[in-house]
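What follows is one structure encoded as C-alpha cells, with my remarks underneath.
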Amino acid sequence: QVQLVESGGGLVQAGESLRLSCVASGSAFSSARMGWYRQAPGKRRELVAAITSLGITNYADSVKGRFTISRDDAKNTVYVQLNNLKPEDTAVYYCNLNIWSRTNLRTYDYWGQGTQVTVSS
C-alpha cells in the first residue's frame, strides 16, 4: 500500500516562494509518474505539474516558468518549487502517484492528504 505525505505549505505574500515535498512509502515510487495537483475553493482539482519515471516533466500553462517539479528516487520524494507566487495560486496542493500494473493491466492512483498554500496580495 502506498502512502503519500506532503509538507511545505504555508502563508506567503505575492512574489515569494515555497517548496512543497511529498514522501512516498513503498517500492513503487521509482516506476511511477508523480504529480502535483491543486484545488481552490469552488473549483475542480487541476494538474499543476508532473514528472515521469524518466524525468520528463509537464506543467499547467498558468505555472510555466514559475514552478519546477523534481524527484529524488533515492529518497522516494517529489518536490515542487513554487516561485513568484500569485494570489490565484492559493489552493490545497495534493501529491499524486500514478503507476501502471503489469499484473492487473490497469493504472492505480494514490493521493496525499493535501497541504494548504495561501498567497496574500
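All of the numbers you see were taken from the coordinates with simple rules; none came from a lab. All figures in this text were calculated on a predicted structure; none of them were measured in a lab. Note: ideal-geometry Cβ built from the backbone for every residue, glycine included; neighbour counts use all protein chains shown.
Annotations for the structure displayed:
- Paramagnetic label reach from LEU47 (point 7 Å along Cα→Cβ; backbone nitrogen cut-off under 14 Å): within the stretch 79-101, residues 96-99.
- Per-residue 3J(HN,Hα) values for the stretch 91-106, derived from phi via the Karplus relation 6.51 cos²θ - 1.76 cosθ + 1.60 with θ = phi - 60°, read 4, 8, 9, 10, 8, 10, 10, 10, 9, 8, 9, 5, 6, 9, 6, 7 Hz in sequence order (x marks Gly and Pro).
- Relative to the Cα centre, the charge distribution of the chain, modelled as +1 at Lys and Arg Cβ and -1 at Asp and Glu Cβ, gives a dipole magnitude of about 240 debye.
- Taken one residue at a time, the phi angles of the stretch 56-73 give Karplus couplings (6.51, -1.76, 1.60, θ = phi - 60°) of 7, 10, 8, 9, 5, 4, 5, 10, 4, x, 10, 10, 9, 9, 8, 9, 10, 5 Hz. Gly and Pro are set to x.
- Amide H partners (placed H, <5 Å) of GLY114, local residues excluded: GLU6, CYS95
- Cross-link partners of LYS86 among aspartates and glutamates, defined as those whose alpha carbon lies under 20 angstrom from its own and excluding same-chain residues fewer than eight positions apart: GLU16, GLU46, ASP61.
- Across the stretch 31-37, coupling constants 3J(HN,Hα) worked out from phi with the 6.51/-1.76/1.60 Karplus curve, θ = phi - 60°, read 9, 9, 7, 10, x, 10, 10 Hz, and Gly and Pro carry x.
- Over the stretch 1-68: Rg over Rh, Cα atoms, Kirkwood Rh: 0.98
- Straight Cα distances below 27 angstrom link LYS75 to the lysines LYS64, with same-chain residues fewer than 8 positions distant left out.
- Across all C-alpha atoms in the stretch 67-121, the radius of gyration and Dmax reach 14.7, 49 Å.
- Scattering profile of the stretch 2-121 at q = 0.11 Å⁻¹ [log10 I(q)/I(0), Debye over alpha-carbon scatterers]: -0.34
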